[in-house]
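The values are calculated or read from the model by the stated rules, or taken from the named source; none is laboratory data. Predicted model only: the values in this text are computed from it and were never measured. In this analysis, Cβ positions are derived from the backbone assuming ideal geometry, glycine residues included, and neighbour counts consider all displayed protein chains.
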Amino acid sequence: MLSLAKQLIKQLFKKPETNPFPSKRVPKSVIKFMKKVKKGEAKINEPVKTPPRFRGRLIYYEDKCIRCKQCIRVCPANALEFDEKNNVIKHYVSRCTFCGQCVDICPVKALEQSNEFLLADYNKNAGFLEPKEKEVEKG
């Protein structure tokens, strides 16, 4: 019991371990705060860095994809679906468990996991993260 009280007193005088994100002070309205950020009137306090091999939102390289549908077969959450009309794979972020099985099984590496973890969105059917153009090798 004494060690518990000792630990409690130590904790009272320590700084908080949490990261003040998105701003140092809690905004009254996050939506208004984000609008100010877009205008350049406010600045976002950067979140903590993600660890190596972090499994975040999926990136889909449509041009690499051979439509083998292996990723759809192994997805335990049914977060991937083939869109026959557009001949592409659709990703439902709200269902995804970010297990990475789809990335591991893809024979042509058309799927990749990003460091993106800020997934809150008004769009329930938000999908893949747009791929960033990779540097073209000079040769």
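For the stretch 30-53, which positions are part of a loop (DSSP other than H, G, I, E, B) and either at pLDDT below 90 or of a type in the set (Val, Ile, Thr) (or both)?
ALA42, LYS43, ILE44, ASN45, GLU46, PRO47, VAL48, LYS49, THR50, PRO51, PRO52, ARG53
Would the stretch 42-55 turn up any residue that is over 30 Å from GLU17 (Cβ atoms), in contact with a Ser or Thr (Cβ under 6 Å, 6 or more places away or on another chain) and surrounded by fewer than 16 Cβ atoms within 10 Å (Cβ to Cβ)?
No.
With the condition kept exactly as written, say whether any residue in the stretch 82-90 is touching a strand residue (DSSP E or B) at 6+ places or on another chain (Cβ under 6 Å) and either charged (D, E, K, R) or under 17 Å from LYS124 (Cβ atoms) (or both).
yes
I'm trying to understand the selection: among the residues of the stretch 115-134, which are assigned to a loop (DSSP other than H, G, I, E, B) and hydrophobic (A, V, I, L, M, F, W, C)?
Of everything in the stretch 115-134, those that are assigned to a loop (DSSP other than H, G, I, E, B) and hydrophobic (A, V, I, L, M, F, W, C) turn out to be PHE117, LEU118, LEU119, ALA120, ALA126, PHE128.
In the stretch 101-114, which residues are surrounded by fewer than 16 Cβ atoms within 10 Å (Cβ to Cβ) and part of a loop (DSSP other than H, G, I, E, B)?
PRO107, VAL108, LYS109
Give me the pairs, please: first residue somewhere in the stretch 97-125 and assigned by TED's automatic domain parsing to the domain that holds LEU58 and free of Cβ contacts under 8 Å to residues at least 60 places away in the same chain, second residue anywhere and in a loop (DSSP other than H, G, I, E, B) and of a type in the set (Val, Ile, Thr), beta-carbon distance under 6 Å, and either six or more positions apart or on two chains.
As it stands, the answer is VAL108/ILE66, since those pairs meet every condition given.
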